Each structure stands twice: as C-alpha cells, then as structure tokens.
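Accompanying notes for the structure given below.
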Amino acid sequence: MGVGITVERLNAFYGKTQALFDININVLANHATALIGPSGCGKSTFIRCLNRMHETIPESRVEGNVRIGEFNVYNGTSATELRRRVGMVFQKPNPFPTMSIYDNVAAGLKLNGFRNRKKVDEVVEKSLRSSALFEEVKDSLHKKSGASLSGGQQQRLCIARALAVQPEVLLMDEPCSALDPISTGKIEELIFQLKEQYTIVIVTHNMQQAARVAEFTGFFLLGKMIEFDKTEKVFTNPSDKRTEDYVTGRFG
Amino acid sequence: MVRTRFQQQMEELREKLLRMGGMAELAVDRACQGYTERDLHRCQLVLENESLINAAEREIDELAFDILATQQPAAVDLRFILAVTKINADLERVGDQAVNIAERVMDMIELPSVDLPVDIARMATAVSAMVRRALESFVEGKAELAQAVLEMDHVVDRMRDEAFITLVRTMNEQPQNTQQALDALLVARNLERVADHATNISEDVIFWVLGADVRHHAGAANGPNNMTSVPAPRTESTGT
Amino acid sequence: MTGVAILTVVIVLAPLVAIFGYLCYKGIGSINIAFLTQTPKPVGEVGGGMANAIVGSAFILAIASLMGVPMGIGAGIFLSEYGRNRYGDAVRFVSDVLNGVPSIVIGIVAYGLVVIRQKHFSALAGGVALAIMMVPTIARTTEQMLLLVPQAIREAAYGLGVSRWRTTLSITLRTATSGVITGVMLAFARVAGETAPLLFTAFGNQFWNLKPDQPTAALSLQIYTYALSPFDDWHRQAWAGSFVLIVLIVGAVAAVRYVVRRGRLAGA
C-alpha cells in the first residue's frame, strides 16, 4: 500500500545556486500527483530530493524536512534503504543493457541480497504483469537483453524493475517524454491501475498528460511552488495568474 | 510562448460572435420599431436577415469545435470557448424571437389600430438594453456588467406579468379588440423570452470571466481571488 | 576520396601481411612434433624443441595476469568512478609515464625488487616485470570503457537502492565487460612477446620448470638466444618459435573474444 509524503520548508542547492525555495507539499497516499512547470523550474530537482538522488550530484545540498510515511528521509534513514522504499522511473528508459529481461527486473532484489530463486521468479512475474509487459516477453525472459525491446517496452521494463523491490512510492520523471503516443497511452493506463497500490508522483511537461493521469497537480516556477490543488481546478480555474498563464500557453 | 495561430483563431471567434450579436440586437430593435411605428418594411428586413444569423451560428460552432480539437485550450481559454458556443445558441434564439415579433407585427398591421393600455414600447426598450449590455459585458469581459443584466431580468419579468393582467382584462372588457390584445400579449411574451436569453448570455459571460456557474441563480458572481474581469482575449494585432 | 582511403589501408596492412607471410613461409617448414614436445638439445646438437619455452611463457603470463589484471582493473575503476579530480589526474599522469618506460628498464627494476632479494632468477620475477607493463594499458582502457557506460545506468541502480560500490562492480563494470576484456587482451598481447624484461628476471631454462621461484624458459627469450646463435638448426627453430608465438597470441585473443561473444545475449 502507498503512503503519504510530507514536505516541509524544502530548500535545495547546487553548490551556491539555490534550486528550490521553501517548498511545502502534502502528497496523498494512493493518489497520483503531477508536477508541471516550464523547463528549469525545479520539478525534477524536487522529485530527486524525495529519494535523495539529488545527493549524487557533487556539491549539492538539501535543507528541510521530508517524511515518507512515518520515517524521516533526511534524518535517520540511509539513502540506499530509502531508495528501496521509493522507486524511480527516469525520462529515458535505462534498462541494464547486458542483462536479460529477467535479470533486469530481478536486479533490485538480487543486488540487495535477496536470493531465493523461486521467490525471485514469482516477484519477477508479478512485476512484469503489473507493468503490463509479461504477456509480451514471457517467452524470452532469459534470452533477450533488456536493450533489445522497443522504447515503450523498455520503459515498462523499467517500471517493472522499480516495482520488483516493492516500494511504497513511485516517482516518475517525465516517463513518457521519449515515447510514442501509443506507448504513452499504455503507461498512462498503467499509472491509473498502479495508484491503487502505490503513491505516485509524476513530473511531466505534458499538461494534458497531467490532466489525464493525476488527481492533484502542483505548478512549479523558478524553484517555487506556485499552486497545488486538485487537477480539475488547476486546469479549469487556477487561483494564481501565473498558473493560468502557463496552463494556457502564454509562456513556458 | 506565442501560439500565434491559436490567438488568431480566438480573435476570429470573438469577432464572429460580436458580429452575430450585432445582427441579433439589430433584429430585435427593428422588430420593436416595426411594432411601435407599424412599419411593414422593417419587419420584412428582420425576416430577410434571419438566414444570416443562422449561417453565423453554424460558422461559429464550427470554428469553436475546430479550436477545441486542435488547440487543447485550458482554463480561461477553455471557458471562453464553451461560453461562446452557448452564447451563440442564445443569440440564434434571439433572432428567432425577433422573427416571431416581426411576424406578429405584420399580422397586427392588417388590423385596425387600437390603443391598448400597455406600454410595449417601454418593455422593448428595456429588453433591447439588456441585450446590448449583455453583449457589452462580453466585449469588455466584465462580470459586473453581466451581473447588472441579471438584475434587470426581474424588472422585465414584472413588466410582462403586468402586461398579461392588463391585456387579459382588456380582452374581457373589449372583446372586439381581442385580436389586437392577443397580438400585443404574444409580443410581450416574445420580448420576455429575449430578456431570458440576454440573461443566459450574461451567465455565460460570468462563467467565462470568473469560472463560476451562476445559472439558475446559484451563487454570487464573485470568483476566487476576487477577480471580477479578465482582459479581452488576445487582441494583439496579427496583421490582417 | 574512397580511393585514397583504401590506398592508406593497403599501405598500413601491407607490413602486417608481409610479416605474417614471411613467418609462415620460414616457420611452418620447421614445425614438427618434436619441436612442440621436446626440450632443447645441448648446444651443437641438431633437433629438440621449445616445448618447455611454450609452457614457460604461458606460466609467466599467467603469473603476470594474476597480478596485473586485478590491479589494472582496480586502477581503472578508481579513475573512472572516484578519480574525476586532481588525485585522479595524478594517477593518470603516472600511468602514462609508466607506459612509456622502456621495457628493459622495467626488467631491471624487477631484477632489483625480486631477483636480488631472492638471490635467484624466477618466473615470479618475470611475472612481476610483465605485470608492471600490463597495468597502465589495462587501467586506461578500463577507465575509458567505464566512462562510456551512460550515467543513466548508474542512476537506475542507485534508484533501486543499490550502494555505490555494488553498482560499480555489478552494474557499471558488468556493462563495460566486453570493452574491459578487450583492454586486458591488448595488454596481454603486448607483454606476451616481450623479451627484454625477461632477460634479467625469468632468465630462461633448458629444462622444464613449473615452480615460480625458479628460472623459467620463455618463447621470446628462446627465440632471442637462438636467433643470435651461429647454428643453422637454431635459426630454423627460431623461425618456428616466432611463428608459434604469433599463433598462440592470436589464438588466445580470438578464443577469449569468442567466449565473450557467446556469453552475450540476443540484442545486447
């Protein structure tokens, strides 16, 4: 089951440059929340602060409080432990190219010490089914490499891989931006179903996608969160003029 | 982001609607003048120009549909287009009512003139003002103007009710003038309908400007953030 | 333009083809079972073979690889994953310098480090000398191959909660495997034919030896000795030895590449 995310007074820095200013958000469990905004507004930075991937950049710094479920992200959990509970899917599908489909999905489990062959088999199948990929690859799980699939399939493979470690939260950073409309549609369908078990935060450039997929939407601009509300409100009658300007295409 | 083509289309939509509004307003004025001055010619003009109003309705619907399909408008732009399609329908009905009035007047002119104790002319002026103000609120994008029209509707309703009572009494007391009285009564009813349509148009303008649904008298006309008007859509000149 | 390109290819390949051709011509005639199975006969006698040298070379190369490959790969990992800074630059500089040191000098260093301490020549000393020569090449190519692995792959692993060192070994290195192996094979092929470093370390041996602390025969040493001798029979054997050396190196590289390719999955 998914858990809620609470962000309080989050500030993020790259060296001396401040990328996020005082962000406060409450993400509801088992809902999909979309983050929109023009390029460079900080939405990707924000999402990477949620699973501490921001730290992998040299000279980066974070201040503030993030709680995922009951535990505190920045005080008291190791980054690797956290990342097992918060899965991430990236913009460009990045399956491990020299591993088979099976090994790709099992990677999270195996590399974290989980070895029971039968259990791993079950989890791999379950994850591939959850990401609507199983039927397409069930005959070549061990034979084909992760990189031999089409773009849309690769991304679903990455989703399966993220789901295999049974996270509570799934972060998606523009997951469909490199995909064709049909693959995009399949993944959006997927997000709809995944909501029941996971909490999903999705960063997207595509406003129509945010509108289709998410119950809540947050609008970021220049590192600040301008508005956070139900998606219908943001897209039919936003409270802030800047949100309206962005959503109607007057800038961005 | 500039979205030139989108701006052009929205501007075109706005202009088309305004032109149609002008035609509808003119039709009502002509029909009313035809009544007060017993002018056959004006009534005929109303009938002739009816087809133009209908053609405009089709054009506007088509353009709005096109923009919706190809431009994915959101927020205020989306509300604008929805409002335009509704106002469109109301304006076409206004045109129909003008035709009804004109036809009634043409009947009336055949009959001998009779002095009736109702001031249809005053009612016509009020209704005409409502239509004009509703269209103004659209042009300016001002919710207060639209709100004012909603309030005038009560006045017109009262006028119609009074006219009914008076004319029914006339028909009872002067049965020889029943036909003229009936004609006047029907014109009054048509005018009240026009007022209703003007009210609808105002409600649609409020929806567009504030995002508030005030139809059927639901809720005050004050949007979130106390925005009471929006700038008229994209009037940057784009050449032709 | 294509014509010029083809011409340059021909010019470049010509010496290689010439060498191979000449080797085959001179060497094949002298290869017989005796050559491949017998040890050298005493000076002056005709016949005998280089069997012990063939095995000895393999032995010394095995020792060298055991030392040089892990160190080289380790250095490469450091340079690529943790060395994008001044320290890494220093290591790179030293590695490049080491690469340029003449092989005889490396042989002398190994002599000083190992032979003098142990008071005898040995295969181990030879292995040390060759390992020192392997490390820079392996380190640099490993670094380059690891750098070619897209950052997105590492991020995918971090995102799964895999620690950094585990990611480097199990994901990054694994992705770059075929490139790293190519680098290793390059280094291997280069040192397999080295003679100078073995002169004062392995020293050579007329007889069989598989103990690492004893002087050991090596093909390159044997060829050197025989070629400089006044005996025709030994000259003949030198040609044969050269041919065998080339064949073995090419064979080893080809075999490894085959095995690597077999292990690769469809579409990888």
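Every number here is computed from the coordinates shown, using simple stated rules; none is lab data. The structure presented is a predicted model; accordingly, all values stated were derived computationally and were not measured. Neighbour counts run over all protein chains shown; Cβ positions are idealised from the backbone, glycine included.
With the cut-off at 1.5 for a/c, could you classify the range C:49-219 from its C-alpha gyration tensor as rounded, prolate or oblate?
prolate
Once both labels are positioned 7 Å from their Cα atoms along Cα-to-Cβ, the gap between B:Asp119 and C:Glu45 label points is 14.6 nm. Taken over the alpha carbons of the protein assembly as shown as equal point scatterers, the Debye sum produces base-10 log I(q)/I(0) values at 0.05, 0.08, 0.11 Å⁻¹ of -0.50, -0.85, -1.14. What is the range A:202-252 by shape, rounded, prolate or oblate, if you read a ≥ b ≥ c off the alpha carbon gyration tensor as root eigenvalues and call it rounded for a/c under 1.5, prolate for a/b larger than b/c, and oblate otherwise? Verdict is rounded for the range A:202-252. Separation of the range A:140-166 and the range A:190-213, taken as the distance between their Cα centroids, equals 20 angstrom.
Could the peptides A:60-73, C:129-142, C:56-69 be put in order, highest first, of the mean number of other beta-carbon atoms found within 10 Å of their residues? Write out the running numbers ahead of the final one.
On the way: A:60-73: 16.8, C:129-142: 25.3, C:56-69: 22.4.
So the order, starting with the most tightly packed, is C:129-142, C:56-69, A:60-73.
Look at C:Glu81, A:Glu135, A:Glu188 and count the other Cβ atoms within 10 Å of each Cβ; fewest to most, that gives A:Glu135, A:Glu188, C:Glu81. Label zone (B:Asn172, point 7 Å along Cα-to-C-beta; backbone nitrogen cut-off 20 Å) within the range B:108-139: B:116-119.
Counting only residues at least eight positions apart within a chain, or on another chain, the lysines with an alpha carbon under 24 Å from that of C:Lys26 are C:Lys41.
Neighbours of C:Ser80, meaning other residues whose beta-carbon lies under 15 angstrom from its beta-carbon, give a summed charge of +3 when Lys and Arg score +1 and Asp and Glu score -1. Quick check: the distance between the Cα centres of the range C:139-155 and the range B:168-205, to the nearest angstrom? Rounded to whole Å, the Cα centres lie 85 Å apart.
Sort C:Arg236, A:Arg161 so the one with the fewest other Cβ atoms within 10 Å of its own Cβ comes first.
Ordered by Cβ neighbours within 10 Å, fewest first: C:Arg236, A:Arg161.
For A:Lys143, the lysines whose Cα comes closer than 29 Å to its Cα, not counting residues fewer than 8 places off in the same chain, are A:Lys92, A:Lys110, A:Lys118, A:Lys119, A:Lys126, A:Lys186. Residues whose amide H falls under 5 Å from that of A:Lys144, counting only those 5 or more places apart or on a different chain, are A:Ile101, with hydrogens built in the peptide plane.
Given Cβ point charges of +1 (Lys, Arg) and -1 (Asp, Glu) and nothing else, what value in debye, to the nearest 20, does the dipole of the range C:49-219 about its Cα centre take?
Dipole magnitude for the range C:49-219 comes out near 260 debye.
Taking amide H positions as modeled 1.01 Å from N, with prolines and chain starts lacking one, the residues under 5 Å from A:Leu221 and 5 or more places away or on another chain are A:Ile226. Simple rule: put +1 on each Lys or Arg Cβ and -1 on each Asp or Glu Cβ in the protein assembly as shown, find the dipole, and look at B:Ile109, C:Val55, A:Asn237; the Cα lying farthest toward the positive end is C:Val55. For chain A, the Kirkwood estimate of hydrodynamic radius, built from reciprocal distances between every pair of different alpha carbons, is 18.6 Å.
Determine the percent antiparallel among the DSSP beta bridges restricted to chain A, to the nearest 5.
Here the share of antiparallel DSSP bridges comes out near 60 percent.
Coupling constants for the range C:165-176 follow from the phi torsions by the Karplus curve (6.51 cos²θ - 1.76 cosθ + 1.60, θ = phi - 60°), and in residue order they are 5, 5, 4, 4, 6, 8, 10, 5, 5, 5, 5, 8 Hz; glycine and proline get x. A simple spin-label model places the labels of A:Glu70 and A:Asn11 3.2 nm from each other, with each point 7 Å out along Cα-to-Cβ. The phi torsions of the range C:2-9, fed into the Karplus equation with coefficients 6.51, -1.76 and 1.60 and a -60° offset, translate into couplings of 4, x, 4, 4, 4, 4, 5, 4 Hz, rounded to whole numbers, with Gly and Pro shown as x. The long axis of helix C:86-100 is offset from the longest Cα principal axis of chain C by roughly 20 degrees.
Between C:Leu210 and A:His205, the FRET efficiency from the beta-carbon distance, with R0 = 56 Å, is close to 0.25. Compute the separation of the alpha-carbon centres of the range B:1-26 and the range C:80-119 and state it in Å as a whole number. Each part's Cα centre sits 79 Å from the other's. For the Cα trace of the range B:4-223, dividing Rg by the Kirkwood Rh returns an Rg/Rh value of 1.04.
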